[in-house]
1. Give the residue that is nearest to ligand 2 (Cβ to nearest atom), with candidates limited to residues of region 120-149 that are among the hydrophobic types (A, V, I, L, M, F, W, C) and in contact with a Lys or Arg (Cβ under 9 Å, 6 or more places away or on another chain).
2. Of all residues in region 253-286 being among the acidic types (Asp, Glu) and free of Cβ contacts under 8 Å to residues at least 12 places away in the same chain, which is nearest to ligand 3 (Cβ to nearest atom)?
3. Restricting to region 252-285, and then to whatever is assigned to a helix (DSSP H, G or I) and of a type in the set (Val, Ile, Thr), can you tell me which residue is surrounded by the most Cβ atoms within 10 Å (Cβ to Cβ)?
4. Listed residues 135, 142, 118; which is away from ligand 3 (no atom under 16 Å from the Cβ), surrounded by 16 or more Cβ atoms within 10 Å (Cβ to Cβ) and among the charged types (D, E, K, R)?
5. Mind telling me which of the residues 48, 86 ends up being surrounded by fewer than 16 Cβ atoms within 10 Å (Cβ to Cβ) and farther than 30 Å from residue 264 by Cβ?
6. Scanning region 203-245 for residues that are at pLDDT 95 or above and among the aromatic types (Phe, Trp, Tyr), which turns out surrounded by the fewest Cβ atoms within 10 Å (Cβ to Cβ)?
7. Between a residue in region 154-173 that is in a loop (DSSP other than H, G, I, E, B) and any residue that is β-branched (Val, Ile, Thr), which pairs come within a Cβ distance under 7 Å, given they are 6 or more apart or on different chains?
8. Please work out which residue is modelled with the lowest pLDDT, limiting yourself to region 175-202 and to residues that are away from ligand 1 (no atom under 12 Å from the Cβ) and small (Gly, Ala, Ser).
Amino acid sequence: MQGRIVKALAGFYYVESEGVLYQTRARGNFRKKGQTPYVGDWVDFSADENSEGYILAIHERQNALVRPPIVNIDQAVVIMSAKEPDFNANLLDRFLVLLEHKDIKPLIYISKTDLLEDTQNLSEIASHYQAIGYDFITEMADLLPYLSDCVTVFMGQTGVGKSTLLNKLAPELALATGEISDSLGRGRHTTRAVSLFHVYSGLIADTPGFSALDYEVTTSEDLNQAFPEIKHHSAKCKFRTCTHTHEPACEVKSAVETGQIWQMRYDNYLQLLSEIENRRETYKKTIKRQ
Ligand SMILES: Nc1nc2c(ncn2[C@@H]2O[C@H](COP(=O)(O)OP(=O)(O)OP(=O)(O)O)[C@@H](O)[C@H]2O)c(=O)[nH]1
Ligand SMILES: [Mg+2]
Ligand SMILES: [Zn+2]
């Protein structure tokens, strides 16, 4: 039989096939091959009546995220709260860079706008991201048109309201959500497993929040590609390998000066670039020592 893994928990994979859910395990031969089934995987599986099913083969993946672990997705909604925790453009840019690098369409959704006394600042931030070409959504109603017929993953820090939003979209899910006081504490994750749900004729994955992002963007070229507006302007830089730091005739730096590129994004780009370079230095030193 064939189906899609919709949930992975405690060594079990829950496979949905023609509307029926099967509890399966992965055979040991996957481990030997270094393969792990993920939520979102299309699989061949066996399911005898009255016994546990087994995953037999994993189909080729369209794309894959490591954290949260999910594959074959059409788009990602990066959820950032306006408050509690405070909006953080640096973290948002890290999510965006990761998704651009994976060629997965990002949407930005801002939760907890009800906690804002003044929305002026948020509107300004919105206009900057919209100018780059990102959808920047602050109302649930505006998110709905994006959700049908797609596989969407909700991602974001713990406590931003991913499960709360899913509950608002589909109250029958009745997902557990964190207490406000808990959400401010460190290390409390309410959602513990990645699961796909049928919502608005599409599939949406709820995921556990996480605080650290994996470094999958490891070269300055990739970083350049992952900032659409920097990529756009860099086509006119004098040097093809321009990192937009010290080089002469850099169109990106000019665009920052004229305000065509938002200073905040450029600062985040520089920070990520220096992190990439520091990691390379550490890597080189480790290699030498061996
Ligand atoms: N005021 C307000 N509170 C919200 C909103 N959305 C979520 N919350 C609260 O924020 C807290 C955390 O919400 P969750 O939905 O559990 O957050 P999560 O992103 O799923 O967190 P993890 O599962 O730990 O990753 C809960 O107490 C929610 O009630 C909102 O739009 N406004
Ligand atoms: Mg949750
Ligand atoms: Zn440049």
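The values are calculated or read from the model by the stated rules, or taken from the named source; none is laboratory data. Fair warning: this is a prediction, and the values are worked out from it, not measured in the lab. Neighbour counts run over all protein chains shown; Cβ positions are idealised from the backbone, glycine included.
1. 140
2. Result: 257.
3. Once the filter is applied, the top-ranked residue is 252.
4. Going through 135, 142, 118 in turn, just one is away from ligand 3 (no atom under 16 Å from the Cβ), surrounded by 16 or more Cβ atoms within 10 Å (Cβ to Cβ) and among the charged types (D, E, K, R): 135.
5. Residue meeting the stated conditions: 48.
6. 239
7. Qualifying pairs under 7 Å: 156/78; 156/79; 160/79; 161/79; 170/199.
8. Out of the qualifying residues, it is 201.
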